[in-house]
Amino acid sequence: MYRISVTAEDRKGIYEELLPQIVSLIEGENDMIANMANISSALKEAFGFLWVGFYIVRHAAGEDMGELVLGPFQGPVACSRIKYGKGVCGMSWSRAETIIVDDVTLFPGHIACSPYSRSEIVVPLLDAGGNVFAVMDIDSTEKSDFSAVDRYFLEILAGKICRLAK
Ligand code: SME
């Protein structure tokens with residue numbers, strides 16, 4: 001796998017081309033797993049990120065809080081379960097907000113699934129009641145690879161998944 005360095009402006013252009021394609025790919029499908037699988041592939045193919053995927057909130061019987069369980073993804077194998085508030089994903093879940101980590105080695109409690117991960121963005125997916133039901137996680141081999149540009153477009157994409165998942 002190789003990565004072509006692109007400027008924030010280039011990346012904005014790629015998102016602007018890619019998002020309508022992803023939307024047309026998923027808009028006729030209301031199965032969340034199928035859509036998460038195709039989105040993982042589309043983002044990984046377009047940008048060459050190390051890892052793109054989803055963790056879904058699952059509740060065991062009698063358990064209030066639940067935990068994040070690995071969903072569709074593209075990239076190296078990853079940890080299967082993440083507890084509420086743990087790691088970048090768990091923090092995004094507990095805060096219900098996007099988190100960008102420029103240097104994963106400086107993030108206390110970062111869960112290292114790959115030694116090649118250097119930076120990360122996690123975007124929460126909210127249901128109609130404002131509760132997080134999943135998170136989208138993207139890892140890069142480059143430090144400081146995610147900016148407000150990624151946050152902007154990935155939050156739009158997260159909103160589309162939420163509406164289609166109903
Ligand atoms: N680094 C994440 C764990 C998931 S992997 O990156 C795929 C975290 O700290 O939550």
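What number of residues within region 99-145 satisfy the criterion of being assigned to a strand (DSSP E or B), more than 12 Å from the ligand (Cβ to nearest atom) and more than 18 Å from residue 43 (Cα to Cα)?
3
Taking region 28-56, which residues are part of a strand (DSSP E or B) and touching an Asp or Glu at 6+ places or on another chain (Cβ under 9 Å)? It would help to see each step written out before you state the result.
Initially, region 28-56 is screened for residues part of a strand (DSSP E or B), giving 51-56.
Selection gives 51, 52, 53, 54, 55.
May I ask you to say which residue of 19, 25, 68 is of a type in the set (A, V, I, L, M), in contact (Cβ under 8 Å) with a residue 60 or more places away in the chain and part of a helix (DSSP H, G or I)?
19
Answer with yes or no whether residue 159 is free of Cβ contacts under 8 Å to residues at least 12 places away in the same chain, of a type outside the set (Lys, Arg) and either assigned to a loop (DSSP other than H, G, I, E, B) or under 26 Å from residue 24 (Cα atoms) (or both). Spell out the reasoning first.
Numbers: free of Cβ contacts under 8 Å to residues at least 12 places away in the same chain: yes; of a type outside the set (Lys, Arg): yes; either assigned to a loop (DSSP other than H, G, I, E, B) or under 26 Å from residue 24 (Cα atoms) (or both): yes.
When the stated conditions are applied, residue 159 passes them.
Taking residue 80 and the conditions (1) out of contact with any helix residue (DSSP H, G or I) (no Cβ under 6 Å at 6 or more places or on another chain); (2) closer than 30 Å to residue 10 by Cα; (3) within 15 Å of the ligand (Cβ to nearest atom), which numbered condition does it fall short on, given that it satisfies the others?
Status for residue 80: all satisfied but (2).
Of (1) under 21 Å from residue 143 (Cα atoms); (2) free of Cβ contacts under 8 Å to residues at least 40 places away in the same chain; (3) among the β-branched types (Val, Ile, Thr), residue 98 satisfies all except one. Which?
(2)
Residue by residue through region 89-98, note down the ones that are away from the ligand (no atom under 11 Å from the Cβ) and assigned to a helix (DSSP H, G or I). Lay out the reasoning, then the answer.
Step one: of region 89-98, the residues away from the ligand (no atom under 11 Å from the Cβ) are 94-98.
Correct list: 94, 95.
Cβ-Cβ below 6 Å, separation at least six or inter-chain, first residue in region 118-147 and closer than 18 Å to residue 85 by Cα, second within 13 Å of the ligand (Cβ to nearest atom) and among the acidic types (Asp, Glu): which pairs?
Pairs that qualify, where the first residue is closer than 18 Å to residue 85 by Cα and the partner is within 13 Å of the ligand (Cβ to nearest atom) and among the acidic types (Asp, Glu), are 120/139; 122/137.
Coordinate-derived values only; no laboratory data. Fair warning: this is a prediction, and the values are worked out from it, not measured in the lab. Because the Cβ atoms are built from the backbone with ideal geometry, glycine has one as well, and the counts that use them run over all protein chains shown.
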